[in-house]
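Novice: Below you will find the structure I want to go over with you.
Just so it is clear, none of the values below were taken in a lab; they were calculated from the coordinates. Because the structure is predicted, anything quoted here is derived from the model rather than measured. So basically every Cβ, Gly included, is an ideal-geometry build from the backbone, and we count neighbours across all protein chains shown.
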Amino acid sequence: MRIVHTESSRGWGGQEIRILSEARGMLRRGHSVLLLCPADARIHSEAARFGVSVTALPIGDKGLRGILSLRRWLRQAQRTGPPDIINTHSSTDSWLAALACASLRQAPALVRTRHISAPVPDNLTTGWLYRHASRMVVTTGETLRQTLLSVNHLDAARVVSIPTGIDTNLFQPASAGQREQARARMHVTRETFVVGIVATLRSWKGHRYLIEALGMMAARASARPLHLVIVGDGPQRAHLEAQVAHQGLQSVVQFCGNQNSVVEWLHGMDAFALPSYANEGIPQALLQAMACALPVVTTQAGAIGEIARDSETALVVAPRDAAALAAALERLAGDEELARTLGHRAHELVRARHGEDVMLDKMEAVFKGALAGAPTANQTAVRP
């Protein structure tokens, strides 16, 4: 198949990483894949690292210019090798692509991937986008799918839950040597209890509550030294650094910025925290940590509950509750058997159900169904 992805976002996080990872996987399976995005988007500069071809178009903002640029590109592609599928990812590029395709006599099949759990308006215009312009809608979790069915009244046969798949050959439990190297990079001792988070520094990821929780733990003079590793960057960084300074935690909180090799940081952690309170599908960073057999503390935001079952595969706390977060982390720090058991169960779950090939198989089925003009059978997420 000839697959084109569109992405209007200029940010960098799990959504953009999934697009490029999925595109790379489809290329390995023999498909033709191209990304269309703004020239100043981070995904544009990162595409080469994933081996994905990219073309810059002015589609970062809604407006006539973006529609016309996509329409011109599609008309030219019709003469040289038209795409079979356009897979859209953010609101802006989804609208631009839908309107551009609607203006052409022969247009590719449109597939809309919905990555986050923010509400979708239930009105006539959005209904046209989801029910008529898009042949299939993909969500990154079953919880998101069910919301589209119950609130937006979409046809169940045309909405498919396909969580992000991860490379389970790369994300594995650390060997003794890998753990030692990772902790040397962090400059922590063997006795230190290292908590980590990998996430774009956005408000709803809950970093502020994690920092507050660390302060509570430090004030209680835990028997083990503490260290918090924050991997990622984003608009909240200055606010979070100010919070760390205000709480006097500079010596135990490490801001690492964006990292191309996240696994090398995961291997040095004792526990992984993701205290999100909104806008989540099934986060790939959480899957990556679980694949590395890390015990995790998280919430039920979005579709997280599909993989994080309290006291089975994770410790689940209420969102925006720093005290509950601190208590859960202290529980892991003081109970190595519990930490080991949760990590093992999480690892087994991810390996069995959330590998990259599972995602690619399901996306191929969606694309083929969209090409055939008929919905595929729904492939819902299987609960652990």
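Novice: Using alpha carbons only, how many degrees (0 to 90, rounded to 10) separate the axis of helix 64-80 from the longest principal axis of the chain?
Specialist: 70
Novice: What is the spread of the Cα atoms of segment 34-113 along each of their three principal axes, largest first, in whole Å?
Specialist: 36, 26, 22 Å, listed from the longest principal axis down.
Novice: I would also like to ask the following. Quick one: in segment 176-353, what % of C-alpha pairs are over 23 Å apart? Walk me through the numbers before you get to the answer.
Specialist: On the way: 5090 of 15753 pairs.
Above the 23 Å cut-off, segment 176-353 has 32 percent of its Cα pairs.
Novice: Hey, another quick one. Based only on the alpha carbon positions, what is the Kirkwood hydrodynamic radius of segment 74-121, in angstrom?
Specialist: Taking every pair of different Cα atoms in segment 74-121, averaging 1/r and inverting gives 11.7 Å.
Novice: Pulled fully out, how much extra length does the chain show between Ala184 and Glu264, if you take 0.36 nm times their separation in residues and subtract their Cα-Cα distance? Before the final figure, lay out each step's value.
Specialist: Values: separation 80, 0.36 × 80 = 28.80 nm, distance 1.11 nm.
So the extension gain works out to 27.7 nm.
Novice: Can you pull the semi-axes for segment 92-183, root of five times each eigenvalue of the Cα gyration tensor, sorted largest first, whole Å?
Specialist: On the way: eigenvalues 268, 56, 26 Å².
Equivalent ellipsoid semi-axes, largest first: 37, 17, 11 Å.
Novice: Find how much the distance from Met216 to Ser251 grows on full extension, using 0.36 nm per residue of separation minus their present alpha carbon separation; answer in nm with one decimal. All intermediate terms of the calculation are to be shown ahead of the outcome.
Specialist: On the way: separation 35, 0.36 × 35 = 12.60 nm, distance 1.51 nm.
This chain segment gains 11.1 nm when fully extended.
Novice: Rounded to the nearest 20 Debye, what is the dipole magnitude of the chain about its Cα centre when Lys and Arg each give +1 and Asp and Glu each give -1 at the C-beta?
Specialist: Numbers: 41 positive and 33 negative charges, 260 e Å.
About 1240 debye.
Novice: Here is a further query. Would you please give the FRET efficiency between Arg10 and Asp335, computed as 1/(1 + (r/R0)^6) with r the Cβ-Cβ distance and R0 = 56 Å, to the nearest 0.05? All intermediate terms of the calculation are to be shown ahead of the outcome.
Specialist: Numbers: r = 43 Å, r/R0 = 0.77.
Here the calculated transfer efficiency is 0.85.
Novice: What are the equivalent ellipsoid semi-axes of segment 1-52, built from the alpha-carbon gyration tensor (square roots of five times its eigenvalues), in whole angstrom, biggest first?
Specialist: On the way: eigenvalues 65, 23, 16 Å².
Over the Cα atoms of segment 1-52, the ellipsoid semi-axes are 18, 11, 9 Å.
Novice: Find the eigenvalues of the gyration tensor of the Cα atoms of segment 124-264, then list the square roots of 5 times those eigenvalues as equivalent ellipsoid semi-axes, largest first, in whole angstrom. Before the final figure, lay out each step's value.
Specialist: Details: eigenvalues 310, 82, 34 Å².
So the equivalent ellipsoid measures 39, 20, 13 Å along its semi-axes.
Novice: Taking a cut-off of 15 Å between Cα atoms, list the aspartates and glutamates near Lys362, but don't count ones fewer than 8 places away on the same chain.
Specialist: Glu22, Glu142
Novice: Treating each Cα of the chain as an identical point scatterer and ignoring solvent, apply the Debye formula and state log10 I(q)/I(0) at q = 0.08 Å⁻¹.
Specialist: -0.42
Novice: Oh, and also: Between Gln78 and Ser203, what is the FRET efficiency for a Förster distance of 41 Å, r being their Cβ-Cβ separation, to the nearest 0.05? It would help to have the intermediate numbers written out before the result.
Specialist: Values: r = 43 Å, r/R0 = 1.05.
Efficiency for this residue pair is about 0.45.
Novice: Once every Cα of segment 295-362 carries one equal point scatterer and solvent is ignored, give the base-10 log of I(q)/I(0) from the Debye formula at q = 0.17, 0.23 Å⁻¹, two decimals.
Specialist: Treating every Cα as an identical point scatterer, log10 I(q)/I(0) equals -0.64, -0.97.
Novice: log10 I(q)/I(0), Debye, Cα-only segment 8-143, no solvent, q = 0.18 Å⁻¹?
Specialist: Debye intensities relative to I(0), on a log10 scale: -1.09.
Novice: A further question follows. Got a sec? Which residues in segment 6-30 would a label at Ala372 touch, if it sits 7 Å along Cα→Cβ and we count backbone N under 17 Å?
Specialist: Within reach of a label on Ala372, which here means backbone N under 17 Å from a point 7 Å along Cα→Cβ, segment 6-30 contributes nothing.
Novice: Here's another thing I want to ask about it. Please express the Cα-Cα pair-distance distribution P(r) of segment 240-294 as a list of whole percents, one per 10 Å bin, running from 0 to the bin with the greatest distance.
Specialist: Final binned percentages: 19, 42, 36, 4.
Novice: Under the 0.36 nm per residue contour assumption, what length would be gained going from the current alpha-carbon distance of Asp233 and Asp122 to full extension?
Specialist: Details: separation 111, 0.36 × 111 = 39.96 nm, distance 3.30 nm.
Result for the pair: 36.7 nm of gain on full extension.
Novice: Along the charge dipole of the chain, which of Pro295, Val159, His347 sits closest to the positive end, that is, farthest toward it, with unit charges on the beta carbon of Lys, Arg, Asp and Glu (+1, +1, -1, -1)?
Specialist: Checked the options; the winner is Val159.
Novice: Sum -39500 (n - 2.57) across every DSSP H segment of at least 4 residues in the chain, then divide by the residue count to get the 222 nm mean residue ellipticity, nearest 500. All intermediate terms of the calculation are to be shown ahead of the outcome.
Specialist: Working: 14 runs with 157 residues, N = 384.
Calculated at 222 nm, the ellipticity per residue is -12500 deg cm²/dmol.
Novice: Okay, next question. Expressed as an acute angle from 0 to 90° and rounded to the nearest 10, what is the orientation of the C-alpha long axis of helix 356-372 relative to the principal long axis of the chain?
Specialist: 20
Novice: In debye, nearest 20: dipole of segment 176-353 around its Cα centre with unit charges on the Cβ of K, R (+) and D, E (-)?
Specialist: Numbers: 17 positive and 17 negative charges, 41 e Å.
That gives a dipole near 200 debye.
Novice: Could I ask something else about it? Report the Cα-based extents of segment 181-241 along its three principal axes, largest first, to the nearest Å.
Specialist: Result, largest extent first: 33, 29, 15 Å.
Novice: Taking the Cα centre of segment 162-206 as origin, sum charge times position over the Cβ atoms of Lys and Arg (+1) and Asp and Glu (-1), and report the length of that vector in debye to the nearest 20. Don't skip to the answer; put the middle values down first.
Specialist: Working: 6 positive and 3 negative charges, 33 e Å.
Dipole of segment 162-206, to the nearest 20 debye: 160 debye.
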